[in-house]
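My questions all concern the structure below.
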Amino acid sequence: MNTALGNPGTLYLVSTPIGNLEDITLRALRVLKEVNLIAAEDTRKTGILLKNYSISNQLTSYHDFNKEKKAYTLLQSLKSGNSIALVSDAGTPGISDPAFLMVKLAIQEGIRVESIPGPTAFVSALIISGLPTDKFIFEGFLSPKSGKRKKRILELSEEKRTLIFYESPHRFLETLEDLLSILGDRKASVARELTKKFEEVKRGKLSEIKEYFEAAKIRGEFVLIVEGKREDGKT
Ligand code: SAM
């Protein structure tokens with residue numbers, strides 16, 4: 001995938017599995033094999049994926065704590081003709097991860113950016129939620145600060161589209177509590193550990209889901225889907 005001398009290389013945003021290593025496209029595997037460099041959010045995790053598919057290629061880190069400095073180095077490499085695959089620790093790069101900065105800078109520098117599509121946790125969680133999928137908003141992570149989080153949920157309380165949130169395991173119950181107290185007892189769905197051994201989907205009212213997860217031992221990764229405000233005002 002080397003480009004002719006003098007031409008910049010391409011930045012590929014390669015989607016990788018969100019759990020099950022089989023969830024990767026043939027094209028993604030080919031690109032990961034052929035690029036000059038793979039910039040990974042978590043080199044250890046990406047290393048496991050590459051090993052599973054017998055791909056040996058150069059890996060470097062690109063994550064939240066080095067992204068400003070590293071983006072500059074990666075841009076120089078692209079400009080000198082190298083092709084780079086950018087991968088997140090799971091799923092689609094650019095969705096709640098540091099890829100955005102690299103994409104923005106590459107576009108500013110006139111570098112070709114290509115998407116190699118694949119899994120993203122919120123799409124899988126939404127389509128199995130049983131809540132309306134025709135119109136939705138992806139909110140990503142709410143603030144870890146209680147006041148800010150509550151304020152944002154209040155701002156979203158009139159939203160009619162289905163609401164989608166990412167949440168870390170240790171804040172999950174707090175967020176459920178805030179959603180319930182601010183939005184009321186709406187229909188919701190929680191997808192846990194999608195595509196993994198302990199995959200689980202809990203659907204019901206927010207109060208039922210909260211009760212269930214309070215009693216269960218909480219572990220793993222979660223996507224929270226909440227019904228938008230209903231026209232008839234009912235929950
Ligand atoms: N780029 C990723 C994507 O395309 O979905 C998202 C990265 S974000 C840093 C990580 C969050 O995604 C987790 O906190 C969780 O909310 C969600 N997530 C990722 N993998 C998941 C899985 N297998 N099951 C449920 N949620 C998952």
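Is the stretch 103-120 home to any residue that is within 17 Å of the chain's Cα centre (by Cα), on the phi < 0 side of the Ramachandran plot and away from the ligand (no atom under 14 Å from the Cβ)?
no
Let me ask something else about it. Name the residue that is nearest to Phe122 (Cα to Cα), counting only residues in the stretch 214-225 that are within 14 Å of the ligand (Cβ to nearest atom) and not in a loop (DSSP other than H, G, I, E, B). Spell out the reasoning first.
Step one: filter the stretch 214-225 for residues within 14 Å of the ligand (Cβ to nearest atom), giving 218-225.
Narrowing further to those that are not in a loop (DSSP other than H, G, I, E, B): 222-225.
Values: Phe222: 9, Val223: 6, Leu224: 9, Ile225: 9 Å.
Taking the candidates together, the pick is Val223.
Quick one: in the stretch 145-173, which of the residues that are buried (at least 19 other Cβ atoms within 10 Å of the Cβ) and either in a helix (DSSP H, G or I) or more than 20 Å from the chain's Cα centre (by Cα) (or both) is modelled with the lowest pLDDT?
Looking at the filtered set, the residue picked out is Phe172.
Within the stretch 190-213, restricting attention to residues that are closer than 20 Å to Leu163 by Cα and not in a strand (DSSP E or B), which residue is nearest to the ligand (Cβ to nearest atom)?
In the first step, residues of the stretch 190-213 are kept if they are closer than 20 Å to Leu163 by Cα; the result is 190-194, 200-210, 213.
Still in the running and not in a strand (DSSP E or B): 193-194, 206-210, 213.
On the way: Glu193: 5, Leu194: 3, Leu206: 17, Ser207: 21, Glu208: 19, Ile209: 15, Lys210: 17, Phe213: 13 Å.
Result: Leu194.
How many of the residues in the stretch 174-189 are crowded, with 18+ Cβ neighbours inside 10 Å and assigned to a loop (DSSP other than H, G, I, E, B)?
Within the stretch 174-189, residues that are crowded, with 18+ Cβ neighbours inside 10 Å and assigned to a loop (DSSP other than H, G, I, E, B) number 1.
Ok, one more. Hey, can you tell me all the residues within the stretch 219-231 that are within 22 Å of Glu158 (Cα to Cα) and surrounded by 14 or more Cβ atoms within 10 Å (Cβ to Cβ)?
We begin by selecting, within the stretch 219-231, every residue within 22 Å of Glu158 (Cα to Cα); these are 223-231.
Residues satisfying the conditions are Val223, Leu224, Ile225, Val226, Glu227, Gly228, Lys229.
Now a separate question. Within the stretch 116-138, identify whether any single residue is under 20 Å from Leu11 (Cβ atoms) and not in a loop (DSSP other than H, G, I, E, B), and answer yes or no.
yes
Provide a single number: the residues in the stretch 89-102 that are within 8 Å of the chain's Cα centre (by Cα) and within 7 Å of the ligand (Cβ to nearest atom). Before you say what the answer is, go through the steps one by one.
Taking the stretch 89-102 as the starting set, the residues that turn out to be within 8 Å of the chain's Cα centre (by Cα) are 90-97.
Remaining after also requiring within 7 Å of the ligand (Cβ to nearest atom): 90-93, 95-97.
Number of matching residues: 7.
Report, by residue number, each residue of the stretch 203-218 that is charged (D, E, K, R), surrounded by fewer than 16 Cβ atoms within 10 Å (Cβ to Cβ) and over 21 Å from Ser146 (Cα atoms).
The initial filter retains those residues of the stretch 203-218 that are charged (D, E, K, R), namely 203, 205, 208, 210-211, 214, 217.
Filter once more, so that each one left must be surrounded by fewer than 16 Cβ atoms within 10 Å (Cβ to Cβ): 208, 211, 214, 217.
Correct list: Glu208, Lys217.
Still on this structure, I have one more. Applying the selection to the stretch 21-64, what residues are part of a loop (DSSP other than H, G, I, E, B), β-branched (Val, Ile, Thr) and free of Cβ contacts under 8 Å to residues at least 40 places away in the same chain? Talk me through it step by step, then tell me what you get.
Taking the stretch 21-64 as the starting set, the residues that turn out to be part of a loop (DSSP other than H, G, I, E, B) are 21-25, 35-36, 41-42, 53-58, 62-64.
Adding the requirement that they be β-branched (Val, Ile, Thr) leaves 24-25, 35, 55.
Correct list: Ile55 only.
The values are calculated or read from the model by the stated rules, or taken from the named source; none is laboratory data. All values reported here derive from a predicted model rather than from experimental measurement. Don't worry about glycine lacking a Cβ; one is built from the backbone with ideal geometry, like all the others, and counts go over all protein chains shown.
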